[in-house]
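Since the structure comes first, as structure tokens, the remarks are kept for the end.
The values are calculated or read from the model by the stated rules, or taken from the named source; none is laboratory data. What you see is a predicted model; the values in this text were computed from it and never measured. Every residue, glycine among them, receives a Cβ derived from its backbone with ideal geometry; neighbour counts consider all protein chains shown.
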Amino acid sequence: MDSVSSDEVYQDQILPHVSRTFALTIPQLPPALSISVTSAYLLCRIADTIEDEPALSAPETLSFLQRFSAVVAGSGDAAALARDVEHRLSDRTLPTERDLVSNMDRVVRVASGLSAVQHEAIKRCVQLMCYGMPRFQFNASVKGLARSGDLDDYCYYVAGVVGEMLTDLFCDYSPEIARRRTALSALAASFAQGLQMTNILKDVWEDRSRGVSWLPQDVFTRHGIDLGQFSGESADPRFSAGMTELVAVAHAHLRNALDYTLLIPGKEKGIRRFCLWAIGLAILTLRKIAHNPGFTAGAQVKVSRTAVKMTVLATNTFIGSDWVLRRFFAAAARGVPLAQLPEIRRPRPMHVMTDNDLDAEHPRRRYGSSGS
């Protein structure tokens with residue numbers, strides 16, 4: 001077995017251990033896409049692992065992410081970076097994530113062996129993610145984000161860029177899909193934001209227990225809630241009202257996600273399944289939250305296994321029928337509030353973030369501020 005083939009085998013073996021969801025959905029893709037999407041997901045997961053490591057100071061995190069972005073782009077030593085990062089990982093990092101970091105060079109090799117178009121799409125995604133994540137993580141707290149626009153920007157850098165990358169990969173795979181690139185590109189980031197916002201809402205209390213919140217304060221200010229002071233120990237209709245507003249926004253993004261998916265030709269059943277399973281589970285989760293916006297633990301809004309199986313069965317059965325899929329989505333979303341989205345925008349143009357940028361944007365996070 002040559003080195004590339006063994007690296008691909010490693011990707012397939014590690015994927016279920018770092019994401020049960022993507023371990024189910026990625027194999028639905030055509031083989032020509034599953035390799036590149038697996039590689040892309042694992043690279044994004046490495047970036048997440050670096051970003052989430054509490055033992056790293058802000059400057060260390062930024063340095064590692066910049067080095068990682070360069071390695072994915074084709075410069076730098078992936079094995080050396082993997083050793084440097086692994087030595088700094090604490091017990092808070094799961095063993096499977098540590099294993100992925102230590103085998104970073106194998107995933108990078110798979111990505112570099114892809115076509116030029118595929119590699120460029122993945123490189124752009126990783127670069128944007130490694131640029132954008134620190135801008136939010138370094139100042140994360142239970143106070144949440146200041147504005148709804150900040151939430152849009154956060155979702156773009158951690159998820160929207162992935163939606164854009166997938167669009168590039170899908171268009172490269174199929175000339176027929178490529179003819180719909182303009183329409184797909186207009187919806188790609190919104191698709192990803194719907195999924196990301198659903199996760200943010202579902203995980204709001206788990207995130208808060210870690211000392212962070214991705215909720216926008218401006219939404220809750222309208223209802224008289226200060227996120228920094230809110231304990232959530234007892235039900236508060238004002239907090240529930242803010243959550244309901246955000247459910248409505250996430251629902252609108254998921255409608256765009258469905259529109260995006262139905263732009264994929266019906267004969268591309270694998271790509272449709274990849275998208276529809278994620279959308280279906282997200283809208284069922286939103287319905288749970290909409291019916292219980294005052295929930296206090298993620299387990300209270302977890303979708304049952306039966307519902308998951310029914311979603312998979314229904315989407316598989318009617319995978320080629322746009323009309324039936326829209327009816328199925330409408331039924332699943334019954335009772336979920338729906339917002340009117342403003343025109344989709346993009347964050348400020350990317351530039352390479354430096355330590356000077358970090359000090360300017362986050363003056364309390366200067367060297368030594370973390371106690372190290």
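Close Cβ contacts (under 6 Å, 6 or more residues apart or on different chains) running from residues in region 77-90 that are surrounded by 16 or more Cβ atoms within 10 Å (Cβ to Cβ) to residues that are at pLDDT 95 or above and basic (Lys, Arg) comprise Leu81/Arg67; Leu89/Arg98. Selection within region 89-123: residues that are out of contact with any helix residue (DSSP H, G or I) (no Cβ under 7 Å at 6 or more places or on another chain) and not hydroxyl-bearing (Ser, Thr, Tyr). The member of this set that is farthest from Tyr173 (Cα to Cα) is Asp91. Those residues that are out of contact with any Ser or Thr (no Cβ under 8 Å at 6 or more places or on another chain) and either surrounded by 15 or more Cβ atoms within 10 Å (Cβ to Cβ) or at pLDDT 95 or above (or both), I need them from region 31-46; list them, please. Of everything in region 31-46, those that are out of contact with any Ser or Thr (no Cβ under 8 Å at 6 or more places or on another chain) and either surrounded by 15 or more Cβ atoms within 10 Å (Cβ to Cβ) or at pLDDT 95 or above (or both) turn out to be Leu33, Ser34, Ile35, Ser36, Val37, Thr38, Ser39, Ala40, Leu42, Leu43, Cys44, Ile46. Inspect region 176-191 for any residue being buried (at least 21 other Cβ atoms within 10 Å of the Cβ), among the small types (Gly, Ala, Ser), over 13 Å from the mean Cα position of the chain (by Cα) and part of a helix (DSSP H, G or I) and give the result as yes or no. Checking region 176-191: not a single residue is buried (at least 21 other Cβ atoms within 10 Å of the Cβ), among the small types (Gly, Ala, Ser), over 13 Å from the mean Cα position of the chain (by Cα) and part of a helix (DSSP H, G or I). Screening region 96-144 for residues that are closer than 24 Å to Ser213 by Cα and of a type in the set (Ser, Thr, Tyr) and picking the one that is surrounded by the fewest Cβ atoms within 10 Å (Cβ to Cβ) gives Ser141.
When region 304-323 is limited to residues that are β-branched (Val, Ile, Thr) and touching a Lys or Arg at 6+ places or on another chain (Cβ under 7 Å), the one that is surrounded by the most Cβ atoms within 10 Å (Cβ to Cβ) turns out to be Thr315.
Scanning region 282-303 for residues that are out of contact with any helix residue (DSSP H, G or I) (no Cβ under 6 Å at 6 or more places or on another chain) and either buried (at least 20 other Cβ atoms within 10 Å of the Cβ) or more than 30 Å from Ser234 (Cα to Cα) (or both) yields a single hit, Arg287. Of the residues Val312, Val212, the single one that is at pLDDT below 95, among the aliphatic types (A, V, I, L, M) and not in a helix (DSSP H, G or I) is Val212. Taking each residue of region 181-197 that is in contact (Cβ under 8 Å) with a residue 60 or more places away in the chain and looking for partners that are part of a helix (DSSP H, G or I) and among the aromatic types (Phe, Trp, Tyr) with beta-carbon atoms closer than 7 Å, six or more apart or interchain, yields Leu184/Tyr260; Leu187/Tyr260; Ala188/Tyr260; Ala189/Tyr156; Phe191/Tyr260.
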